[in-house]
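Asker: Sharing a structure with you now.
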Amino acid sequence: MKAEDIYKQWLDDPNIDEETKEELRAIAGDPAQIEDRFYQELEFGTAGLRGVIGAGTNRMNRYTVSKATKGLADYINGVEGGAERGVAIAYDSRHMSPEFADIAASVLNAQGIKAYVFESLRPTPELSFTVRELKCIAGINITASHNPAEYNGYKVYWEDGAQVTPPHDTGIMDCVNAVTNLTSIPVMDKDEAVEKGLYIELGKEMDDKYIEAILALITEEEIIEEVADKLNIVYTPLHGTGITVVPGALEDAGFKNIHIVKEQQVPDGDFPTVSYPNPEVQEAFDLADALSKEVDADIALATDPDADRIGVHVKDKDGNYHALDGNLIGALLCEYVLSTSAAHGGIHEDGYVVRSIVSGRMVDAICESYGVELIEVLTGFKNIGKTILEHEEKGEGTFLFGFEESYGYLEADYARDKDACGTALLLCEMAAYYKSFGLTLWEAVLALYEKYGVFKEKTISVTKKGKSGIEEIKADMEALRSNPPTNIGGYDVVSILDYNDPETTGLPKSNVLMFNLDNGWIAVRPSGTEPKIKYYIGVKAPSEATALAMIEDIKKGLGC
């Protein structure tokens, strides 16, 4: 059907609430808006749903959330004992997050499935931990991560605590697609669900268990105690869920000088102090940097709204602050985890580290130095979780560390998604460790360059919104496949990997192209969560200046 016809159906449907109809009536004279809201149904992909909040089939609203949940419920009810094991539900500080969580619970309850729902907003990694702790069959997290304020999303987790992967992802998608009527999905009243034991509220008891799990990862308690009075920490949750865990966990670990950015500590779906609540961008750190200078902070941390990603700024010996990109953070953490493991009884002989295909290669050199296996997976932290599960099922391998360049990290397997809360603790422990030797974290970065060489990376995202944007991104990828470049920015392409060909890559099919250069690489892929095409550039050079110059040459060669 045409978008205009579906739009009229919604206006005439007695099951559509009046508030939604009012929003739709307001765009009656705007064909472009009607087209954008109704030209497709918001796609339930392998990571769930994500989209702009609003009325329409191509928006995040009570009807699209109900449809997704009904499909998930149908899949769960096809698993023996799934309904009794139940689903854990968490949500972040975004607009409509609590409402969407309640809608999801009411649909599950109507299908006889238990819902364990957090009493208020909680971080994504705590949801992952909770699924495992309660032995739930699945989990739902209402969040759009670091997207702009107008977005929300719906992530689905499976019983191992990771976001769903094959065969469950495609099985759930099939069930969701089989739900054809968005507006008449059965729900159960919350009071009735509580009375029947189908709605269970989660709170402090689960928080304490999660915090206990991340505190157990500390290896240098004595050093933390030694420098606790001297180490200054600045933290901002960027109006998100990190405020519920990070400050308390740092205090429990023994850190004393924790300075929270007051303007950003209250959860707020408008994210009023930033245009984009993303710890990857400088704007997110402006207030934290100002506070850092005021209190002479050694380290400043920012977590995104659902607290699965974390950004870091560190002070050098001259008092200047440096932003670390996602790959540098990953390299620092990996070196610290492996070196401290070696110092405390040795690294597990079967230990392994996991990174995504678009993440920095310094970690490869670090793993080689310590004799640790490095495993490469497709983009998406769920693939790191899947790798942990596969090793677990085989009864082999010890997971040591995993990361993605997009500021996501995990140490140990207490959770199966990236964890900014546990990483905040690890980063502060690492800062304390180096401070005990009179060193800053920036000096630790320079030591990595000295030991392994200068690795530099750059990610470029080109936004192409709407239906036409999707078509442009598709055309860009097709053009690169049909007529691949042999030289980019003056650097010869020595080989090409097309991840659409699993036989060549050894990984599942994915819409990614990798161009390998003599001392670098370029990956191109459409974003899985935003209307963007992304270019990843990585180089290795004898100096930082040379590395940066190489990246600029490659950017020009790409036309970015």
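Asker: Sort 214-220, 48-54, 199-205 by packing, meaning the average of other beta carbons within 10 Å per residue, with the highest value first. Walk me through the numbers before you get to the answer.
Answerer: Details: 214-220: 17.0, 48-54: 20.9, 199-205: 13.9.
The peptides rank, most packed first, as 48-54, 214-220, 199-205.
Asker: Compute the relative contact order of the chain as a whole-number percentage, counting only Cα pairs closer than 8 Å that sit 6 or more residues apart in sequence.
Answerer: Over the chain, the number comes to 12 percent.
Asker: Tell me, what HN-Hα J-couplings in whole Hz come from the Karplus equation 6.51 cos²θ - 1.76 cosθ + 1.60 at θ = phi - 60° for each residue of the range 266-271, using x for Gly and Pro?
Answerer: Working through the residues one at a time gives 8, x, 7, x, 7, 6 Hz.
Asker: Taking the Cα centre of the chain as origin, sum charge times position over the Cβ atoms of Lys and Arg (+1) and Asp and Glu (-1), and report the length of that vector in debye to the nearest 20.
Answerer: It works out to roughly 1200 debye.
Asker: To continue, here is another question. Can you grab the distance from the C-alpha centre of the range 355-375 to the C-alpha centre of the range 255-308, Å, no decimals?
Answerer: 30 Å
Asker: Per residue, how much accessible area does the range 371-491 have with a 1.4 Å probe, in Å²?
Answerer: About 41 Å² of surface per residue is accessible.
Asker: Could you state the number of Å between the C-alpha centres of the range 401-467 and the range 522-560?
Answerer: Centre-to-centre (Cα) distance: 19 Å.
Asker: Placing +1 at every Lys and Arg Cβ and -1 at every Asp and Glu Cβ, with all other atoms neutral, what dipole size does the range 435-560 have around its Cα centre, in debye to the nearest 20?
Answerer: Once rounded to the nearest 20, the dipole reads 440 debye.
Asker: Can you work out the Karplus-derived ³J(HN,Hα) for every residue in the range 317-330? Use 6.51 cos²θ - 1.76 cosθ + 1.60 with θ = phi - 60°, whole Hz, and x for glycine or proline.
Answerer: 5, 8, x, 8, 10, 10, 7, 9, 7, x, 6, 5, 4, x
Asker: Now a separate question. Under the rule of -39500 (n - 2.57) per DSSP H run of 4 or more residues, summed and divided by the residues of the chain, what mean residue ellipticity at 222 nm is obtained, to the nearest 500 deg cm²/dmol?
Answerer: So the calculated ellipticity at 222 nm is -12000 deg cm²/dmol.
Asker: Roughly speaking, what is the centre-to-centre gap between the range 219-253 and the range 1-54 when only Cα atoms are used, to the nearest Å?
Answerer: For the range 219-253 versus the range 1-54, the Cα centre distance is 45 Å.
Asker: So, one more: On the accessible surface of the chain, probed at 1.4 Å, how many percent belong to carbon and sulfur atoms?
Answerer: 47 percent
Asker: Could you bin all the Cα-Cα distances of the range 122-277 into 10 Å bins starting at 0 and give me the percent of pairs in each, rounded to whole numbers?
Answerer: The percentages, shortest bin first, are 9, 26, 33, 22, 7, 2, 0.
Asker: How big is the dipole moment of the range 145-276 about its Cα centre under a simple scheme where the beta carbon of each Lys and Arg is +1, that of each Asp and Glu is -1, and everything else is neutral? Debye, nearest 20, please.
Answerer: The calculation lands at about 440 debye.
Asker: If you take the charge dipole of the range 200-334 about its Cα centre, with +1 on Lys and Arg Cβ and -1 on Asp and Glu Cβ, which of Leu333, Val274, Ala216 is farthest toward its positive end?
Answerer: Val274
Asker: To two decimal places, what compactness ratio does the range 188-301 give when its Cα radius of gyration is scaled by 2.2 N^0.38 Å?
Answerer: 1.34
Asker: Next question, about the same structure. Return P(r) of the range 363-478 (all Cα-Cα pairs; 10 Å bins starting at 0; whole %; ordered from short to long distances).
Answerer: 11, 29, 34, 19, 7, 1
Asker: Pull up the DSSP beta bridges for the chain and report the antiparallel fraction as a percent, rounded to 5.
Answerer: The antiparallel proportion sits near 65 percent.
Asker: Is the shape of the range 2-109 best called rounded, prolate or oblate, per the rule: a/c under 1.5 gives rounded, else a/b larger than b/c gives prolate, else oblate, with a ≥ b ≥ c the square roots of the Cα gyration tensor eigenvalues?
Answerer: Because a/c hits 1.5 or more and a/b exceeds b/c, the range 2-109 counts as prolate.
Asker: Show me the ranking of peptides 228-235, 367-374, 270-277, 423-430 by mean Cβ neighbours inside 10 Å, starting with the highest.
Answerer: By packing density, highest mean first, the sequence is 423-430, 228-235, 270-277, 367-374.
Asker: Moving to a separate point now. Note the listed values (i) 79, 61, 58; (ii) 69, 57, 50; (iii) 77, 60, 48, then indicate which one is Cα extents along the principal axes in Å calculated from this particular structure.
Answerer: This structure yields the entry labelled (ii).
Asker: In whole Hz and in residue order, list the ³J(HN,Hα) couplings for the range 485-499 that follow from phi through the Karplus curve 6.51 cos²θ - 1.76 cosθ + 1.60, θ = phi - 60°; x for Gly and Pro.
Answerer: The phi angles translate into x, 9, 8, 10, x, x, 10, 5, 7, 8, 6, 10, 10, 9, 6 Hz.
Asker: Per-residue counts of other Cβ atoms within 10 Å, averaged by peptide: what ranking do you get for 504-514, 400-410, highest first?
Answerer: On the way: 504-514: 15.5, 400-410: 26.3.
Taking the mean over residues of other Cβ atoms within 10 Å, the ranking is 400-410, 504-514.
Asker: With a Förster radius of 45 Å, plug the Cβ-Cβ distance of Val194 and Glu23 into 1/(1 + (r/R0)^6) and report the FRET value to the nearest 0.05.
Answerer: With R0 = 45 Å, the Cβ-Cβ based efficiency is 0.90.
The values are calculated or read from the model by the stated rules, or taken from the named source; none is laboratory data. This one's a predicted model, so the numbers in the text were calculated from it and none came from an experiment. Glycine also receives a Cβ, built like all others from the backbone with ideal geometry; neighbour counts cover every protein chain displayed. Surface areas here come from the heavy atoms of the whole protein model, side chains and all, with no ligands, DNA or RNA. Shrake-Rupley method; radii C 1.70, N 1.55, O 1.52, S 1.80 Å.
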